[in-house]
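The values are calculated or read from the model by the stated rules, or taken from the named source; none is laboratory data. It should be emphasised that the depicted structure is a prediction, and the values quoted were computed from it without experimental measurement. All Cβ positions, even for glycine, are placed from backbone atoms using ideal geometry, and neighbour counts span all protein chains on display.
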Amino acid sequence: DNLETQLEALQDFQVIAHRGASGHAPEHSMEALQMAHDMGADYLELDIQLSADGVLVAIHDETVDRTTDGEGAVQDFDLAGLKALDAGSWFNDANPDRARQDFVGTEVVTLDEVIDRFGTQTRYYLETKSAERDPTLEAAMMEKLSDRGLIEAGAVVIQSFSQESLQKVQAINPDVPLIQLVWYYPESDDSDALVEWTGVTPGPESISDADFQSVREYAVGIGSNLAYQGNQVIDDDFVRQAQTNDLLVHIYTINAVPEMEQLMRWGVDGVFTNFPARLIRLVD
Ligand code: G3P
Ligand code: CA
């Protein structure tokens, strides 16, 4: 069926361009996405939220404060308000070595604009980012993806830290591959106890096959961090155990070549990166 076909495409190692080639251009900008596409990334990763007037937009944070010249919650802005913001100058300020004059005045992009640009032959790795705040997000996103032919084309993976959100997506259409995101961190500085797996407990040290199987009921894989504040939080045993339970393992967000190489030695199924060309060179 459709899901089987989509899973075949995920068997190879996947280069997932995190918010586009966001190391080179403002995250989620059309330019960052275009660069990732041109580099040959397998997936464009986008965090999706709903604007106040119900438009699906690509932005990571709950507020516009960090990545635009505005202030306030994303969900309090209508599309016109978001479009009026400068979503590029912050990148120049934060990355003087990579600053470009044409980033000034970068616009927040809508999911529709991204699909207009890249079409159904490009693959998208979409995160339901504001699922708790917007109970209509999943239905709006799935309707859009279906209307635009992306689901039929097998062009989409949906990821979320929220198990509930993924299960809502699955109830709408079981033919879309889902990735359960997890975020592990040490319980305290002097402990390597790992406590957090958003949506699913426990942490990797005490995780059982049954825990993985409970994720396997709705998801094709897990997306995990590798380290928290410089401390590694998962190891190759974790990767192997997940894969033994028929789960793909994708790791975020890896920008350094030695870590990319380490993860490839571990046999992970994909890596999220702000620098897709670096990772593609290793894969090749
Ligand atoms: O989606 C994988 C990774 O992007 C999760 O973290 O905070 O960058 O969305 P975040
Ligand atoms: Ca994300």
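Computed quantities for the displayed model
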quantity: Any hit, the range 233-244, residues being within 18 Å of the chain's Cα centre (by Cα) and either within 30 Å of E31 (Cα to Cα) or surrounded by fewer than 22 Cβ atoms within 10 Å (Cβ to Cβ) (or both); calculated: no
quantity: Meets criteria (under 21 Å from the mean Cα position of the chain (by Cα), under 28 Å from L282 (Cα atoms) and either away from ligand 2 (no atom under 14 Å from the Cβ) or of a type in the set (V, I, T) (or both)) for M142; calculated: no
quantity: Condition broken by I115, with the remaining ones in (1) in a helix (DSSP H, G or I); (2) crowded, with 24+ Cβ neighbours inside 10 Å; (3) among the β-branched types (V, I, T) satisfied; calculated: (2)
quantity: The range 154-170, subset in contact with a helix residue (DSSP H, G or I) (Cβ under 9 Å, 6 or more places away or on another chain) and part of a helix (DSSP H, G or I), residue nearest to Q49 (Cα to Cα); calculated: S165
quantity: Of all residues making up the range 228-269, the number that are among the aromatic types (F, W, Y) and modelled with pLDDT of 95 or more; calculated: 2
quantity: Sole exception among (1) within 16 Å of ligand 2 (Cβ to nearest atom); (2) in contact with a helix residue (DSSP H, G or I) (Cβ under 7 Å, 6 or more places away or on another chain); (3) touching a residue at least 40 places away in the same chain (Cβ under 8 Å) for G20, by number; calculated: (3)
quantity: Enumeration of residues in the range 116-132 that are more than 16 Å from ligand 2 (Cβ to nearest atom) and either in contact with a strand residue (DSSP E or B) (Cβ under 8 Å, 6 or more places away or on another chain) or free of Cβ contacts under 8 Å to residues at least 24 places away in the same chain (or both); calculated: D116, F118, G119, T122
quantity: Test result for E71, within 13 Å of ligand 1 (Cβ to nearest atom), over 23 Å from D102 (Cβ atoms) and of a type in the set (D, E); calculated: no
quantity: Qualifying residue in the range 160-169 (condition: hydrophobic (A, V, I, L, M, F, W, C) and more than 14 Å from ligand 2 (Cβ to nearest atom)); calculated: yes
quantity: Residue tally, condition in a loop (DSSP other than H, G, I, E, B) and away from ligand 2 (no atom under 14 Å from the Cβ), over the range 43-62; calculated: 5
quantity: Flag if R133 is surrounded by fewer than 16 Cβ atoms within 10 Å (Cβ to Cβ) and basic (K, R); calculated: yes
quantity: Selection count, the range 70-89, where residues are out of contact with any Leu (no Cβ under 6 Å at 6 or more places or on another chain) and part of a loop (DSSP other than H, G, I, E, B); calculated: 9
